[in-house]
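Down below is the structure, laid out as structure tokens.
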């Protein structure tokens with residue numbers, strides 16, 4: 001009886017040890033969790049009063065919440081949970097439309113640009129120099145065009 005009792009006791013102790021809490025120096029990796037609509041100040045800065053629903057959807061994307069009881073309001077909600085620290089960051093942005101389905105106002109964590117803040121568009125040009133060709137006619141000749149590829153040559157030889 002003692003011969004069968006010791007292996008059973010050893011198995012029970014092993015199972016109990018496996019069910020215990022993990023050691024304090026062993027940390028499981030936890031991922032960062034990002035949910036909802038990511039809105040930037042640049043995206044919201046493109047909004048103007050009087051824009052249609054389609055224009056707002058093009059700029060901000062599909063809203064996370066479009067309530068049937070508040071059809072003139074779209075809610076964009078975003079949350080980010082840091083896996084390492086467990087800190088949760090949330091943002092909420094709402095868009096309100098008038099009876100003609102035009103953008104009337106916004107509210108939330110990100111602000112729409114005012115007319116005073118908007119600057120006139122600036123012209124930005126960039127000069128790219130691909131290398132100047134000599135004007136005295138000593139420019140290198142262009143390489144000859146490549147012949148047909150393998151498949152194209154095969155098709156021509158068959159007669160298609």
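The values are calculated or read from the model by the stated rules, or taken from the named source; none is laboratory data. Just so it is clear, the structure is predicted and the values come from calculations on it, not from any experiment. Don't worry about glycine lacking a Cβ; one is built from the backbone with ideal geometry, like all the others, and counts go over all protein chains shown.
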- Query: Is it the case that residue 115 is more than 30 Å from residue 44 (Cα to Cα), exposed (fewer than 10 other Cβ atoms within 10 Å of the Cβ) and either under 41 Å from the mean Cα position of the chain (by Cα) or at pLDDT 70 or above (or both)?
  - Reply: no
- Query: Do we have any residue at all in region 118-132 that's loosely packed, with under 11 Cβ neighbours inside 10 Å, at pLDDT below 85 and either in contact with a helix residue (DSSP H, G or I) (Cβ under 7 Å, 6 or more places away or on another chain) or closer than 30 Å to residue 36 by Cα (or both)?
  - Reply: yes
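For region 81-93, does any single residue satisfy the condition of being free of Cβ contacts under 8 Å to residues at least 60 places away in the same chain and within 12 Å of residue 106 (Cβ to Cβ)?
Quick first cut of region 81-93, residues free of Cβ contacts under 8 Å to residues at least 60 places away in the same chain only: 81-93.
Next cut, within 12 Å of residue 106 (Cβ to Cβ) only: 92-93.
Yes, region 81-93 contains at least one residue that is free of Cβ contacts under 8 Å to residues at least 60 places away in the same chain and within 12 Å of residue 106 (Cβ to Cβ).
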- Residues that are surrounded by 14 or more Cβ atoms within 10 Å (Cβ to Cβ), out of contact with any helix residue (DSSP H, G or I) (no Cβ under 7 Å at 6 or more places or on another chain), touching a residue at least 40 places away in the same chain (Cβ under 8 Å) and part of a loop (DSSP other than H, G, I, E, B), drawn from region 40-65: 48, 51
- Query: Can you tell me how many residues in region 66-101 are outside any loop (DSSP other than H, G, I, E, B) and exposed (fewer than 12 other Cβ atoms within 10 Å of the Cβ)?
  - Reply: 2
